[in-house]
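The values are calculated or read from the model by the stated rules, or taken from the named source; none is laboratory data. Not measured: the values here are computed from a predicted model. Note that we place each Cβ from the backbone using ideal geometry, even for glycine, and neighbour counts take in every protein chain shown. To get the accessible areas, we keep the full protein, side chains included, count just its heavy atoms, and leave off ligands, DNA and RNA. Shrake-Rupley method; radii C 1.70, N 1.55, O 1.52, S 1.80 Å.
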Amino acid sequence: MRPIRETSQAQANLTMRFLRALFNFAAGQYEDSKGQTLIPDNPVKRLSQTRAWYRVERRQTVIKPHELEPWFQAIMNLKNDAISQNRETIRDYLLLVLFTGLRREEAASMTWDNVDLQAKTLKVTDTKNHLDHTLPLSNFLYDLLEQRKANAVNDYVFQRSDGQGHITEQRKQMAKVIKESGVTFTIHDLRRTFMTIAESLDISAYAVKRLVNHKMNNDITAGYIIADVERLRVPMQKITDYILKCAGVKPSIKAIKLPKRSAIK
């Protein structure tokens with residue numbers, strides 16, 4: 001654990017948690033002729049007993065409002081070329097994470113079966129808290145997914161350029177965005193940015209938690225609230241509009257025919 005700590009204390013903790021899970025799995029899987037486990041004790045427990053886990057502060061980084069414009073411009077500059085056919089897919093993936101607050105793998109592994117363009121919703125089924133998560137699509141997200149659907153080559157929304165599976169590596173294109181925009185970020189920073197913006201717009205705590213699929217087990221009141229996806233459509237659009245405003249993107253204005261007024265007599 002110590003050699004790993006020299007690179008990252010958080011990675012050291014993660015490595016030990018993985019090892020602990022392996023021992024727990026093996027203890028339940030392998031038995032002797034008498035039905036007794038071959039691994040009676042998990043040695044990683046020693047870290048808890050001696051309080052040897054590293055204390056790692058949770059990251060609080062977000063993309064600040066004044067950083068959204070250069071970040072957005074750099075993102076939109078990701079275009080496919082002869083060398084990389086994944087650029088536009090990764091661009092759309094990063095945009096979707098920012099505009100929905102989805103977790104990294106939830107967004108990357110999304111399939112078209114769970115996108116309903118007619119109802120303007122998307123659903124995530126394999127979530128961290130094991131609860132299906134349905135979100136309304138803002139106008140921006142609807143347009144993004146509609147364009148992707150027109151060019152879909154397999155079941156995944158964010159497919160690999162070779163048509164096999166979904167994207168798994170975004171670091172190279174993220175590095176381009178960071179270099180061009182001067183805004184350092186991680187994929188989880190995009191989720192934190194979404195939540196931070198939602199809270200800053202005075203969207204109710206229940207709506208924010210519902211938007212990011214956080215459990216509300218300890219909130220008695222929340223147990224009586226039925227969260228209908230349509231009730232999230234207005235706050236979702238509100239968050240989108242704020243992001244686009246900060247990014248310097250003006251919403252398209254469609255001509256609206258007003259009814260003729262009757263002459264005043």
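With the requirement that a residue be in a helix (DSSP H, G or I) and surrounded by fewer than 19 Cβ atoms within 10 Å (Cβ to Cβ), what does the stretch 148-173 give you?
LYS149, ALA150, ARG171, LYS172, listed by residue number.
Tallying residues that are part of a loop (DSSP other than H, G, I, E, B) and modelled with pLDDT of 90 or more within the stretch 215-251 yields 2.
Do we find that GLU88 is over 14 Å from THR193 (Cβ atoms), in a helix (DSSP H, G or I) and either of a type outside the set (D, E, K, R) or open to solvent by 40 Å² or more (accessible area, probe 1.4 Å) (or both) in this structure? Taking the combined requirement at face value, the residue satisfies it.
Conditions tested, residue by residue: (1) modelled with pLDDT of 85 or more; (2) closer than 23 Å to LEU144 by Cα; (3) hydroxyl-bearing (Ser, Thr, Tyr).
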site	(1), (2), (3)
PHE25	no, no, no
PRO40	no, no, no
PRO43	no, no, no
ALA52	no, no, no
THR61	yes, no, yes
ARG103	yes, yes, no
ASN114	yes, yes, no
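On inspection, LEU96 qualifies as within 23 Å of ASN154 (Cα to Cα), buried (at least 16 other Cβ atoms within 10 Å of the Cβ), of a type outside the set (Gly, Ala, Ser) and touching a helix residue (DSSP H, G or I) at 6+ places or on another chain (Cβ under 7 Å). What number goes with the only condition from (1) in contact (Cβ under 8 Å) with a residue 40 or more places away in the chain; (2) surrounded by 14 or more Cβ atoms within 10 Å (Cβ to Cβ); (3) part of a loop (DSSP other than H, G, I, E, B) that ALA107 does not pass? For ALA107, the exception is condition (3).
Among the residues of the stretch 129-184, those identified as closer than 17 Å to SER109 by Cα, among the polar types (S, T, N, Q) and in contact with a helix residue (DSSP H, G or I) (Cβ under 6 Å, 6 or more places away or on another chain) are THR134, GLN170. Close contacts from the stretch 13-36, counting a first residue that is farther than 20 Å from ARG51 by Cα and a second that is modelled with pLDDT of 75 or more and among the basic types (Lys, Arg), with Cβ to Cβ under 6 Å and a gap of 6+ residues or different chains, come to none at all. When we screen ASN139, ASN77, ASN151 for residues that are within 29 Å of LEU232 (Cβ to Cβ) and at pLDDT 90 or above, the only hit is ASN139.
Scanning the stretch 185-205 for residues that are free of Cβ contacts under 8 Å to residues at least 60 places away in the same chain and in a loop (DSSP other than H, G, I, E, B) yields LEU201, ASP202, ILE203, SER204.
Tallying residues that are at pLDDT 95 or above and in contact with a strand residue (DSSP E or B) (Cβ under 7 Å, 6 or more places away or on another chain) within the stretch 159-189 yields 0.
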